[in-house]
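The values are calculated or read from the model by the stated rules, or taken from the named source; none is laboratory data. Quantities reported herein were computed from a predicted structural model and do not represent experimental measurements. Because the Cβ atoms are built from the backbone with ideal geometry, glycine has one as well, and the counts that use them run over all protein chains shown.
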Amino acid sequence: MRRGFVFTLDALLSLLLVMIFVTSIVAIESNTQVYTTYMREQSKYIAEDILTTLRTVSLKDLVPPQKIEEWLADGTLNTTLVSPDMSPLEIVATYWATEPLYPSADLRHKAEIILGYVLNRTLKGYSYELMINNYTSPYLRKVGSNSSKVPNISPATLVLSGYAYNQTPRGYMVRAYLTKLGSKETEYTYIGMYYEAPGWTMTDYLTIKQPIPHEGALPSDANITEVRWLPLPKWAKVGRYYTKMQLYIDGEGVTCGQFRANQWVDVKKWEVLIDNDPNDPRTCNMLEIILKHSNLKQHVFEIRIYNPAGLYNPTYYTAGIVNNFISISYVTSSFTTFKYQKIFYFDNVTSYHLPLSIGRAIFIPGNLTYMKVQLAFKNLPSDVKPVLYIDGYYIGIGKEISSGVFVWDNATISAKAEYSALSQTYPYIIVTAGESIRNLDPPLQLDGENSYVKIDYIFNPVILTPYSIDLTKQITSSDITDSSNCRYDSTYGVTLCRDLTWGYFIHQKVSPIWTKFHFIILHDINDPNTHMTVEISNPNITATKIWDNSDSISFIGISSLTKDVNGNPIDPVFAPGTNYIHAYTDTAYEIAKELSSGEFTYIIQAYAGYGDVFPKLLRSGCNGYNITYYWGNPENPKVGHVLAGSDPYCSVTAADLIAGKSIYAVDDAIVRLFNNLGGDGTSTNPLLIELPPNVNIEFASMGEIPGLSRPITITLRVWREQ
C-alpha cells in the first residue's frame, strides 16, 4: 500500500467644585430581526471595543502630545475641570454635567471637538455616528456618511452617570493599572513551508533555512524556555530506503530524538522534538544551542534532506518536507509582542535540481481585499518561469521585474482567485519551477528575505492600548479530551485516530484574537472513503461544523468572524470556559494524535477604570498594600508579591482584597484589575501573568464623590457603506 501526506496579547485627580463619577454598562441593543448579517456583527463588536477604549484609556494615550498642547493652549482642555489623564468619556461626562454652570465656556462643543478627533483617528475606513443623550453634530459623525443608507446597524450604548454640581460628599472611587510588566510566559509558532525537489545523495541534498521568529526579532529580554520542532519528510520508508536528514540551529548540528549532530540519519519515526532542559545536551541540545546564541534575536533552523530512493525513480521519490512547525516558549516583560500579520516571508531554499515546488500556508482572519506575491530566485535558468497556485486557483506565470525576481500583483491575483472564498481561511500558496528533471550548478536558491506574500483584509481587531498584554498558549496532545478509532502505527511510530477532540480554556475578561490549528493527516490513497469534519463548541454554542468535505484540511484558523459550513456567522465563536475543536474522518484519513497541535492568542488589559463609590478609600493605617498573590498555571501556581500605593504598606493577600472590596475603593479597584488579568490572584484562580515586584500597581482616587447622579447615554454606530 502506498501512502503519502496531505499538506495538511495618574496622578491623583481632585476636582475642586465638580466631581464626575463615571460608571459604565455596555449594552448591545438587540434587533428584532432573526438573522444577523456578518457585517452587522462585525460593526457591533467594533462599536463595543471603541466605546470601551474611550471609557478606559487616558486621552493622552490616544492623542499626539502636540494636539494635547494645542487643546491646553486654546482651552479645549479646561484644566479647572478636566485633565489629559482622564479618558475621553470621563472628560465628556464632566463637560456635559457642568455645562449649565458655565454656559459661556461652550463645554459641550469642546467635548465634540475632542471626541470627533479621537473617533476620526480610531475609525479610519469606517463610517460612524456618535450620539450623546440623543444629541449629535457634524463633529460626531464621519463626513459624508449616512446611516439611513445602511439598515440594521447594531449600536453599542454606554451609560455614564454624571454627578451633579456641589452635592453632599459620600465616598471614594479608584482606578488601578500597570505601567510595567513583571513577566509573561508566551509562545511563538511558525508553521513551516512545503518543499519538494529531487535530491538523492549527500552531495545534492535539499537545504531549507528558517529564521525564527519569521516576522522579526524576539523581545530584547526574551528568555527562551522550550523549543518544539516537527520536521516531517514527505516520504518515510520506500522499499529498503529511508529519507535521510540532518538538522542545524544557528549553524550547529542538532542532537535530539533520532537525530545526531552533523550526521545523516534514517528518519524512521515521526516525532516532535522537544527540549526544555538547558543542561542535558546529550539527550537534546536545541535549547543549549539557542541559549549559546542568545545575543541573536532570530535563530536559523536548518533542514538538510535527501531521498536515496530517488536514484531508482527520481521523478516520484523526491526529497521533501510536507509538515513542519517550530514553536518556542519564552518569558518576557514586554506588554505587547503580538502583531496582526499581513506579510509572510518565505524560507531560504537551496536545490541542485529542478523541478522545485514550494508552498506557504497563510491565515487570512478577515475579508481579503489585497494580495501580492513576490519570489526572488538566484541561479534560475532563464528559460524557467515560476507558476503560482493559490488554494487550487491557477494564477499563472509571474512578471519578471528584474533578473530572477517575479511578481504577481493584486490585479493579476484577484482576476483569477475569488477573494470571498479565500477570506477567513488558511490557504496554501504554491509555486512550481520547472517541469522535468534538470541538474543545476550552481544550485538554485530562493532568497527568503525578498520573497513574500503580502495581504490586506478587513477584520475586527481587538483594540490594543498601552495597557494591552498579549498571550499565546499552545494546544497539544496533552489537551486532548476525547479520542476514538485509534491505532498505533509502528511504521511511523505514532498513534493515528479518526476521531479527536481538543479542549482549551478561555478565562473571563480576556479578549480572544484567534485560534490556529495544524492537523497532521495520513491519507491512504487507495481508500475511496475520503471525508473530514471539523466542529467547534463552547459553553454558549453546541457543536458547529466549520469544515465538512470529502477533502481533508491541514490548517484551520478560527476568529470572531468564523462562519459555519452554511456561511452563517457563529455567535459566539469563543466563550469563557472550555472551548473545543473536534475533528473526525472517514477511513481514508487518519490524524496523528501526538503531532497535531495549535495555538490560542488573546489579549488582557492591565487597567481597571473607576468603579463604584465606596465609604472608605483603603484600610486604616495604610497608604498602600504589599499584596501576596498567585499567578501562572492553576495546577502549579507561583507565589508573587506586588506593591500598590505608597508607604506605609499593609500586608494583604488577594483573598483579603476580595473580602474588603465592598468597603474599600482601592480593594475593589485591585480586584477588578486582577479580574482583567485573568483571575483573582488566589491559588485556585491565579493571574495569567506575573506582576512586577519592583513597580507599584498605580491607582488614582477621587474623594468627596457627590451622591446625586444625572445619567448620560452615549451611543455609537459603526458601519461600512457599500
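One residue alone among Ile581, Ile546, Ile553 is within 26 Å of Asn323 (Cα to Cα), touching a strand residue (DSSP E or B) at 6+ places or on another chain (Cβ under 9 Å), β-branched (Val, Ile, Thr) and assigned to a loop (DSSP other than H, G, I, E, B), and that residue is Ile553. Quick one: is Ile570 surrounded by 18 or more Cβ atoms within 10 Å (Cβ to Cβ) and either over 26 Å from Glu590 (Cα atoms) or in contact with a His (Cβ under 9 Å, 6 or more places away or on another chain) (or both)? So Ile570 fits the description; yes. Of all residues in the stretch 272-301, those satisfying the criterion of being of a type in the set (A, V, I, L, M, F, W, C), part of a helix (DSSP H, G or I) and surrounded by 15 or more Cβ atoms within 10 Å (Cβ to Cβ) are Met286, Leu287, Ile289, Ile290. For the stretch 93-100, indicate whether the set of residues that are modelled with pLDDT under 75 and surrounded by 14 or more Cβ atoms within 10 Å (Cβ to Cβ) is non-empty. Within the stretch 93-100, one or more residues are modelled with pLDDT under 75 and surrounded by 14 or more Cβ atoms within 10 Å (Cβ to Cβ). Pairs meeting the criteria (first residue in the stretch 621-644 and within 15 Å of His507 (Cα to Cα), second residue of a type in the set (Ser, Thr, Tyr), beta carbons under 8 Å, at least 6 apart or on different chains) are Pro634/Thr684. Kindly check whether there is at least one residue in the stretch 458-471 that is within 30 Å of Glu196 (Cβ to Cβ), surrounded by fewer than 22 Cβ atoms within 10 Å (Cβ to Cβ) and of a type outside the set (A, V, I, L, M, F, W, C). Looking for residues that are within 30 Å of Glu196 (Cβ to Cβ), surrounded by fewer than 22 Cβ atoms within 10 Å (Cβ to Cβ) and of a type outside the set (A, V, I, L, M, F, W, C), one finds none in the stretch 458-471, hence no. In the stretch 597-632, the residue that is surrounded by the fewest Cβ atoms within 10 Å (Cβ to Cβ) out of those that are aromatic (Phe, Trp, Tyr) and out of contact with any helix residue (DSSP H, G or I) (no Cβ under 6 Å at 6 or more places or on another chain) is Tyr630. Leu72 meets each of the listed conditions (1) hydrophobic (A, V, I, L, M, F, W, C); (2) touching a Pro at 6+ places or on another chain (Cβ under 9 Å); (3) modelled with pLDDT under 80; (4) in a helix (DSSP H, G or I) apart from (3). Taking first residues from the stretch 431-457 that are farther than 23 Å from Tyr393 by Cα and partners that are basic (Lys, Arg) and surrounded by fewer than 17 Cβ atoms within 10 Å (Cβ to Cβ), the Cβ contacts under 6 Å between residues at least 6 apart in sequence or on separate chains come to Gln445/Lys378. Taking the stretch 234-265 as the range and being touching a strand residue (DSSP E or B) at 6+ places or on another chain (Cβ under 6 Å), assigned to a strand (DSSP E or B) and either surrounded by 18 or more Cβ atoms within 10 Å (Cβ to Cβ) or not β-branched (Val, Ile, Thr) (or both) as the test, the residues that pass are Tyr242, Lys244, Met245, Gln246, Leu247, Tyr248, Ile249, Cys256, Phe259. If we scan the stretch 503-517, do we find a residue that is touching a helix residue (DSSP H, G or I) at 6+ places or on another chain (Cβ under 9 Å) and either in the same structural domain as Leu230 (by TED's automatic domain parsing) or at pLDDT 95 or above (or both)? Yes, there is a match, as at least one residue in the stretch 503-517 is touching a helix residue (DSSP H, G or I) at 6+ places or on another chain (Cβ under 9 Å) and either in the same structural domain as Leu230 (by TED's automatic domain parsing) or at pLDDT 95 or above (or both).
How many residues does the stretch 419-436 contain that are loosely packed, with under 12 Cβ neighbours inside 10 Å and either farther than 21 Å from Pro355 by Cβ or touching a Cys at 6+ places or on another chain (Cβ under 7 Å) (or both)? The qualifying residues number 1. Here is the figure for the stretch 437-456: residues that are surrounded by fewer than 20 Cβ atoms within 10 Å (Cβ to Cβ) and under 24 Å from Asn367 (Cβ atoms) total 3. For the stretch 397-418, filtered to residues that are under 32 Å from the mean Cα position of the chain (by Cα), of a type outside the set (Val, Ile, Thr) and part of a strand (DSSP E or B), the residue that is nearest to Thr369 (Cα to Cα) is Trp408.
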